Amino acid sequence: MSSTSAIFSSAQNILDTIEARLLLSPDDLRSITRQFLKEFELGLGSYGYPMAMIPTFVTGVPDGSEVGTFLALDLGGTNLRVCRVQLHGSSLFTLTQQKYKLSESLKTGEASALFDYLADSVDAFLTEEGVGVHGARGRKGVRREEGQMFDDDEDEDADYLPLGFTFSFPVEQTALNSGKILTWTKGFAARNAVGNDVVKLLQDAFDRKHLHVRCVALVNDTVGALLSRSYTAGKSILGGIFGTGTNGAYLEDVSKITKLGPNHPAVARGGKMVVNTEWGGFDNARITLPSTPYDNILDRLSINPTYQAFEKFISGMYLGEITRQLLLSLVDAAPTPLLFKGKSTKVLNGHYGLDTAVLSLVEEAWVAGGDDAGEGDAGEGDAAGEGLTNGEKPAYPGPPAFSPTLTLPPHTILPSSLPPHPTPRTLSALERVRKVIVKEFGFGGDGDVSLGDAAIVRWASGLVARRAAGLSGCAVGAVLVQTGFASLVGGVNGDMKVEGENGDTHGEGVNGKKEGVEGAREDGTIGVGVDGSLIQHYPRFEEMVRESLRELVGSEVERIVEIGMAKDGSGVGAALCALQAIKQQPDILMNQAHQAPKVTHSYP
Ligand code: ADP
Ligand code: MG
């Protein structure tokens with residue numbers, strides 16, 4: 001072997017090794033799901049586990065008939081939102097909202113400054129929306145205007161506007177309207193907050209500003225997604241978030257939340273309760289998570305090393321950064337750079353410089369025109385860099401049309417899974433990807449980025465996103481098994497024989513199980529509400545989640561899982577939760593003992 005070809009073959013090895021480490025086999029997916037189920041049980045049994053399995057005191061999901069008007073405040077990610085939500089019944093709602101910026105200094109400064117800012121934002125919203133609370137200042141209570149909060153209630157004195165607070169961080173909840181902050185996640189680190197009651201922190205800020213607003217319910221965004229999806233699309237069993245972070249909440253039997261203890265009133269009452277899993281903290285010990293060097297760098301340089309391990313593989317905050325680390329390792333590869341001829345840019349050099357949204361742009365450029373694409377081409381697009389679940393090199397449909405004028409430059413190094421002689425359609429897809437890279441990475445022009453570079457960037461970002469979707473499938477699959485809607489292929493102890501492909505032949509017992517399982521819809525579908533920019537915008541994210549699900553619970557169950565966006569989940573969910581709070585405690589909005597405001601409907 002000449003020294004040049006030795007370099008090329010070792011370069012190819014580097015790429016192939018990366019690919020092998022990022023692909024998850026069906027066995028990987030199943031053992032991760034098994035670990036998930038173990039950690040569910042630990043968290044339901046005792047306090048203090050990273051996957052905290054937090055009881056939310058939400059004891060059912062709505063059915064769409066609920067009515068009322070509420071404020072909602074949403075803190076937990078990239079934006080702060082204030083909303084006014086009107087539930088009309090018949091699964092319909094109206095929502096008006098304003099977004100407010102959150103600076104880094106607010107996220108990491110004193111908690112009181114952060115909560116003052118929240119109160120100021122609510123104040124600004126009420127002013128802008130012309131809600132009557134300002135007329136109440138210096139008076140006894142809130143002036144009610146027609147069509148405002150609780151239009152049914154004629155009472156003019158002493159009432160507060162009800163607000164549901166979507167606070168999407170781990171909180172050990174003790175009631176619908178109280179809970180202590182356990183830890184910050186997703187880049188927040190405000191001082192003097194952990195250990196405090198988050199509802200009190202907010203209410204104190206409202207009171208300091210003499211705002212007649214009462215925080216009646218504390219809601220996680222996952223719970224919001226579950227409730228709002230149930231309200232708009234029929235009862236659901238799981239709410240999942242795939243945005244800045246990732247997390248899920250599901251409907252559990254109270255009897256399985258054994259850490260509540262036998263004397264807890266909720267246990268005496270029985271029935272169901274929504275549990276906020278905090279699955280972002282799954283497998284912090286990294287027993288089953290497939291860490292690569294890029295994951296390790298990301299974790300080491302994060303503000304919470306070792307914590308939120310699962311989230312760091314999956315969510316919008318991190319996928320761009322994992323990809324950036326991977327790409328940089330190729331830029332810096334020795335003895336020969338494998339990307340951009342060893343050149344980098346400001347975007348690539350900056351910590352968190354590559355936004356996950358850019359991964360979506362790359363993928364969109366790659367699949368663009370896919371709908372009207374000829375079969376062969378779409379197939380080829382599909383195959384490149386993929387093959388999550390079969391653990392083998394992807395097969396390419398037919399021999400690619402070889403055209404000497406359309407080949408990549410000689411000695412272009414690509415992973416073995418990419419076709420060396422792309423079709424004209426693939427080349428035009430690569431041209432589109434190159435344009436995105438030049439623009440989003442901040443290169444000087446097309447000359448800085450070869451088509452081979454474009455192929456490698458799309459391959460790398462596709463692998464990172466695919467792994468994220470596969471792991472997301474493990475979380476969803478674990479909930480399906482935990483709730484009795486499915487059996488895990490291979491058994492929860494991994495001791496059952498796996499036959500056939502895609503779980504088709506081993507869905508045994510699954511049908512028997514799902515009938516009569518509480519929470520299934522009348523039409524037999526299993527509802528899952530999701531929210532977050534990643535699942536909403538990354539091309540085919542849901543499809544890849546489903547692929548993973550098929551390996552875990554079989555295609556019979558996967559087919560009846562209905563995954564839908566929980567539109568405005570945090571706003572509508574907070575409103576639904578506030579409604580439940582008022583039902584449980586009718587005088588919660590009163591300044592003095594007064595008649596309760598009328599609430600037209602409620603859910604169990
Ligand atoms: P939040 O989680 O704060 O409520 P989002 O659901 O909008 O908000 O998620 C924001 C996260 O999603 C950010 O980390 C951002 O990088 C990522 N993101 C934004 N747009 C896209 C997109 N088009 N594709 C993939 N990820 C995106
Ligand atoms: Mg959100």
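For a modelled paramagnetic label at I14, 7 Å from Cα along Cα-to-Cβ, the residues of segment 309-341 in reach, with backbone nitrogen under 15 Å, are 325-341. Ordering Q98, L114, L87 by the projection of their Cα atoms onto the charge dipole of segment 68-126, which places +1 on the Cβ of Lys and Arg and -1 on the Cβ of Asp and Glu, puts L87 at the extreme positive end. Using a Förster radius of 56 Å, what is the FRET efficiency between E364 and S255 based on their Cβ-Cβ separation? Nearest 0.05, please. Computed FRET efficiency for E364 and S255: 0.75. Accessible area per residue (1.4 Å probe, heavy atoms of protein chains only) ranks F93, F36 as F93, F36, with the largest value leading. Per-residue surface analysis assigns T59 an accessible area of about 30 Å², computed on protein heavy atoms at 1.4 Å probe radius. Solvent-accessible surface of protein heavy atoms, probed at 1.4 angstrom with all chains present, puts V492, V438 in the order V492, V438, largest first. Dividing the alpha-carbon radius of gyration of segment 286-358 by the rule-of-thumb value 2.2 N^0.38 Å gives 1.14. For segment 72-91, backbone nitrogen atoms closer than 16 Å to the point 7 Å from S103 Cα along Cα-to-C-beta are found at 80. When nucleic acids and ligands are ignored and a 1.4 Å probe is applied, Y49 ends up with an accessible area of around 90 Å².
Round to the nearest 0.05 the FRET efficiency obtained for S178 and D332 when R0 = 41 Å and r is the Cβ-Cβ distance. Given R0 = 41 Å and the Cβ-Cβ separation, E is 0.20. Relative to the Cα centre, the charge distribution of segment 210-311, modelled as +1 at Lys and Arg Cβ and -1 at Asp and Glu Cβ, gives a dipole magnitude of about 420 debye.
The values are calculated or read from the model by the stated rules, or taken from the named source; none is laboratory data. Keep in mind that this is a model prediction, so the values were computed, not measured. No Cβ is skipped: glycine too gets one built from the backbone with ideal geometry, and neighbour counts run over all protein chains shown. When the accessible area is computed, the model is the full protein with side chains, heavy atoms only, and any ligands, DNA or RNA have been set aside. Shrake-Rupley method; radii C 1.70, N 1.55, O 1.52, S 1.80 Å.
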